[in-house]
1. Checking the conditions here, which among Val170, Val158, Val183, Val188 is open to solvent by 20 Å² or more (accessible area, probe 1.4 Å), in contact (Cβ under 8 Å) with a residue 12 or more places away in the chain and more than 30 Å from Ser48 (Cβ to Cβ)?
2. Somewhere in segment 256-277, is a residue farther than 24 Å from Glu94 by Cα, of a type in the set (Phe, Trp, Tyr), surrounded by fewer than 21 Cβ atoms within 10 Å (Cβ to Cβ) and in contact (Cβ under 8 Å) with a residue 60 or more places away in the chain?
3. Which residue, of Val310, Val319, Val218, Val229, is under 25 Å from Asn37 (Cα atoms) and open to solvent by 20 Å² or more (accessible area, probe 1.4 Å)?
4. Just give me the residues in segment 101-115 being of a type in the set (A, V, I, L, M, F, W, C) and either within 13 Å of the chain's Cα centre (by Cα) or more than 17 Å from Phe269 (Cβ to Cβ) (or both), in sequence order.
5. Can we say Val135 is surrounded by 17 or more Cβ atoms within 10 Å (Cβ to Cβ), without any contact (Cβ under 8 Å) to a residue 40 or more places away in the chain and closer than 19 Å to Glu39 by Cα?
6. Here are Thr100, Thr113: which of them is over 23 Å from Ala320 (Cα atoms), outside any helix (DSSP H, G or I) and hydroxyl-bearing (Ser, Thr, Tyr)?
7. Need the failing condition index for Gly98 against (1) at positive phi; (2) in contact (Cβ under 8 Å) with a residue 12 or more places away in the chain; (3) out of contact with any helix residue (DSSP H, G or I) (no Cβ under 8 Å at 6 or more places or on another chain), just the number.
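The values are calculated or read from the model by the stated rules, or taken from the named source; none is laboratory data. The shown structure was predicted, so the numbers you read here are calculated from the model rather than taken from an experiment. With ideal geometry, Cβ positions are generated from the backbone for all residues, glycine too; neighbour counts draw on all protein chains shown. With ligands, DNA and RNA removed, areas are computed over all heavy atoms of the protein, side chains included. Shrake-Rupley method; radii C 1.70, N 1.55, O 1.52, S 1.80 Å.
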Amino acid sequence: MSSRRLLKFLPLGLGFVLASCSTIGYAAQVGPQTITNTELRTELRQVSANSAFDALLAKNKSPVYGPGRKSYTTLFVDNILNRRITIDRILQAEKKLGLTPTRLESQLARALTIQSVGSPTTFSAFSKAYQAQLVSDTRAIIMMEAHLAHVALTTAGVRAYYGSHHSNFVDICSSEILESSPVEADAVLAKIKGGLSFATAATRYSLNKSSQSPGGAVGCGTVAQYQQVLGPGYASAVSSLPVGKPSGPLQISQGFSIIEVTSRTLIPFHNAELSAANDELAHGSALLNAFLAHDSKVEPLKVNPEYGRVRDVGGVVQVAPNQGPSPRVLRQYFTPGLA
């Protein structure tokens, strides 16, 4: 399931921020809504208390801490603040529209939130209150996307979508034999056509050691999942190959692959409902981005200069890092509770 619509902690720039005190009583003002310094700092601590998630951010080049873990990076603070600003914009619009979540929107929000932070284990490491906050944020995003896309995320509506898009919900299992050249791949294919089983050929000749032992088995998934993990060429092959008939050599990034589809099974609706709901909202992300770009230029935004400055970033007015930081500024930025 794609997590494309979630507001992630994306890189904005580096530096070290978050002074121990502020003479301005707010972090940001989004139209009539105020995000207080206390609210921002509470959220920063909620996120940074989850060491597994911090490690994931660092791996994605979004480090949390400044020098000696006694400060936060501008990257981290501005991402958290921009996320909160964006959610506030969405919530204000939904309140005016009178939108309320459906059961399916709430279920999808939880599933996508857990996926967005890496795993159920990482999600459960957040406090219960922050888990609820993250799910609520995602639900707000989904609700607005559904509204903008004119999609009714109800069981009946999603079932109709599933019924007309069965090809998106077929579970395809496949096996692979990887060779370094088309000549070697053709030689192995000739052995298969001569009577050697695909599984035996994979065990004997495949360069892909990870799938060699189970007879070349790669696993199972939808065409979209194959495309995401193994690329468009592999996905195109499994989408069209007859079951049990090996492909000709297909060039992929690792070499030349012979592919065999071992089974195709339509995923039952009760197992595919959330994936179908997510798929149905595929174009909602672009609509939401357009809405936010417009709203950010209509609703005024004020930001405490301690955290950055307001500017247009990719068409959306948001917080961007201040220039610097200077040595003088660095000496000021120590966070209570982290020292």
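1. On inspection, the qualifying residue turns out to be Val170.
2. yes
3. Going through Val310, Val319, Val218, Val229 in turn, the sole match is Val310.
4. Ala109, Ala111, Leu112, Ile114, listed by residue number.
5. yes
6. Thr100
7. For Gly98, the failing item is (2).
To keep it simple, each residue is scored yes or no on (1) polar (S, T, N, Q); (2) at pLDDT below 95.
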site: Leu148; (1), (2): no, no
site: Ala187; (1), (2): no, no
site: Ala190; (1), (2): no, no
site: Arg204; (1), (2): no, yes
site: Ser210; (1), (2): yes, yes
site: Val229; (1), (2): no, yes
site: Pro232; (1), (2): no, yes
